[in-house]
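Reading through the structure tokens given below for one structure.
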Amino acid sequence: MSDSVGTLSERELTVLSLIGAGSSAKHIAAQLGISASTVESHKRRIYAKLGVTHQSQAVSQAIALGLFDAPAKDRDETEMVVVHARPGAPVGQVTQALLSHGRPFILTPELDPGQWRFRGRFVTVLVDPTPHDWLATACFRAPVVVIPSVRSDDDLVREAMRYGARALVWLEDVPDLLCTTLAMVAHGYVIMAGTHLPAASSLELSGRERDILDSIAIGHTLQQTARSLGISVKTVENTQGRLFRKLGARNRPEALTNAYRQGLVPG
């Protein structure tokens, strides 16, 4: 691990993870229970420690330093499954599915890996997660599978993707789909509400969209991207908009993080 990584505090790593998830300073402040100005102070310290000047560069450097999850290409089904469910949550179908397939698991009401005896690879399963649960998993660097007990609209799917979840399985589908989903996630797939895509090959980008993504990875601004590609800023914005839609992203840091997690950007 780089010396730069070691100098980042736990709070700075959390802020960096949330930046990579596309969260604004206001959203990060709300999630952490701090002021927006404090978030900006954390960001300035992060930028200084990583030797960058803005968010996209920070995310790109974080990827290069191994701070974000790499696509899981060689994992198998030996990973421990950590099932997080608060008291009263419907977990019977989840545990039964894991037991029937012989998958090792831990059922915990608290997301505190320091209390677990297991120290190998793991995947986290969140049953009806709260905002606090999303925040806690941001620092785990482990794949996350979300299980909502009530089928809802696409907002929950978008929220899961925004926080970096690898899969979403509705509770009613758990008996049939959970263990298959875990196996596919272990091999690098992203599965949202029944739609699965290979991490490295399913998302087809045009040549120009890949040029834009490469420029984002370098940390270029819109203007720098336009100059380097010899096109107008408006063309960059239009192409970038299509890229964001394909990646399920709202801004450049989130696009870069999602592309990395799908194997489209090398670490």
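The values are calculated or read from the model by the stated rules, or taken from the named source; none is laboratory data. This structure is a prediction, so every number in the text was calculated from the model and none was measured. Because the Cβ atoms are built from the backbone with ideal geometry, glycine has one as well, and the counts that use them run over all protein chains shown. Only protein heavy atoms, including side chains, enter the accessible area calculation; ligands, DNA and RNA are left aside. Shrake-Rupley method; radii C 1.70, N 1.55, O 1.52, S 1.80 Å.
Which residue is surrounded by the most Cβ atoms within 10 Å (Cβ to Cβ), if the candidates are limited to the stretch 204-239 and must be part of a helix (DSSP H, G or I) and polar (S, T, N, Q)?
Thr225
Residues of the stretch 15-45 being among the polar types (S, T, N, Q) and open to solvent by 10 Å² or more (accessible area, probe 1.4 Å), which ones?
Hits for the stretch 15-45 are Ser17, Ser24, Gln31, Ser35, Ser37, Thr38, Ser41.
Filtering the stretch 83-109 down to residues that are over 22 Å from Glu172 (Cβ atoms) and touching a strand residue (DSSP E or B) at 6+ places or on another chain (Cβ under 7 Å), which residue is least open to solvent (accessible area, probe 1.4 Å)?
Checked the stretch 83-109; the qualifying residue least open to solvent (accessible area, probe 1.4 Å) is Thr108.
Which count do you get for residues in the stretch 139-149 that are touching a helix residue (DSSP H, G or I) at 6+ places or on another chain (Cβ under 8 Å) and modelled with pLDDT of 75 or more?
Going through the stretch 139-149 one residue at a time, the tally reaches 7.
Of the residues that make up the stretch 150-170, is at least one open to solvent by 60 Å² or more (accessible area, probe 1.4 Å) and at pLDDT 85 or above?
Looking through the stretch 150-170, none of the residues is open to solvent by 60 Å² or more (accessible area, probe 1.4 Å) and at pLDDT 85 or above.
Is one or more of the residues making up the stretch 120-138 at pLDDT below 70 and open to solvent by 50 Å² or more (accessible area, probe 1.4 Å)?
no
When only residues in the stretch 31-75 that are of a type in the set (A, V, I, L, M), under 30 Å from Leu182 (Cα atoms) and in a helix (DSSP H, G or I) count, which is modelled with the highest pLDDT?
Val59
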